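Each remark here refers to the structure printed beneath this line.
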């Protein structure tokens, strides 16, 4: 495993749409391992492949219950809403108030290309929405209500 460099807001790769993963090759498995290690090293809750410069539909998330790998994820349904502080490893030191669904149900593939569904509430729902936005070239700053401000907590 190796740490990858996290791309910072303004990097053109963060504005691009990612391609679907057709098969999990040794190179993809290495990318996933590197993403998990990079996410933990940066004290993040989630990391999307474009944040490390790779335009593939892969995200890793850990809200404190162990790492979740999502390949080619899609949100199937969402409900409710939550408004709260959100940050991003690609915009270090900043945060802003964002409204997201309070519940999401998503379908994805794991690192063995086994399809699964996952349901998340609160922080997990927020993290899934945040990371999936990256796969379509969007960052949370587009959704911030009011102004970005200096973060005073660990970032997502």
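Quick look at the numbers
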read-out: Residues of region 32-66 classified as in contact with a strand residue (DSSP E or B) (Cβ under 7 Å, 6 or more places away or on another chain), buried (at least 16 other Cβ atoms within 10 Å of the Cβ) and not in a strand (DSSP E or B), total; value: 9
read-out: Residues (buried (at least 16 other Cβ atoms within 10 Å of the Cβ) and closer than 25 Å to residue 105 by Cβ) located in region 138-156; value: 139, 140, 143, 156
read-out: Residue check for residue 97: in a strand (DSSP E or B), surrounded by 14 or more Cβ atoms within 10 Å (Cβ to Cβ) and out of contact with any helix residue (DSSP H, G or I) (no Cβ under 6 Å at 6 or more places or on another chain); value: yes
read-out: Residue satisfying all of: in region 103-132; buried (at least 19 other Cβ atoms within 10 Å of the Cβ) and in contact with a helix residue (DSSP H, G or I) (Cβ under 7 Å, 6 or more places away or on another chain); nearest to residue 69 (Cα to Cα) among these; value: 106
read-out: Criterion (within 11 Å of the chain's Cα centre (by Cα) and closer than 24 Å to residue 52 by Cβ) met by exactly one of 113, 139; value: 139
read-out: Members of region 139-156 that are without any contact (Cβ under 8 Å) to a residue 60 or more places away in the chain, in contact with a helix residue (DSSP H, G or I) (Cβ under 9 Å, 6 or more places away or on another chain) and not in a helix (DSSP H, G or I); value: 148
read-out: So residue 112, is it in a loop (DSSP other than H, G, I, E, B), over 13 Å from residue 47 (Cα atoms) and without any contact (Cβ under 8 Å) to a residue 60 or more places away in the chain; value: no
read-out: Test result for residue 69, in contact with a helix residue (DSSP H, G or I) (Cβ under 8 Å, 6 or more places away or on another chain), farther than 22 Å from residue 141 by Cβ, buried (at least 18 other Cβ atoms within 10 Å of the Cβ) and in contact (Cβ under 8 Å) with a residue 40 or more places away in the chain; value: yes
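Results for (1) over 20 Å from residue 34 (Cα atoms); (2) part of a loop (DSSP other than H, G, I, E, B), shown as yes or no for each residue.
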| position | (1), (2) |
| --- | --- |
| 73 | no, no |
| 78 | yes, no |
| 90 | no, yes |
| 104 | yes, no |
| 120 | yes, no |
| 124 | yes, no |
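Readers should treat all values here as calculations from the given coordinates under stated rules, not as data from a laboratory. Bear in mind that the values here come from a model prediction, so they are computed numbers and not experimental data. Because the Cβ atoms are built from the backbone with ideal geometry, glycine has one as well, and the counts that use them run over all protein chains shown.
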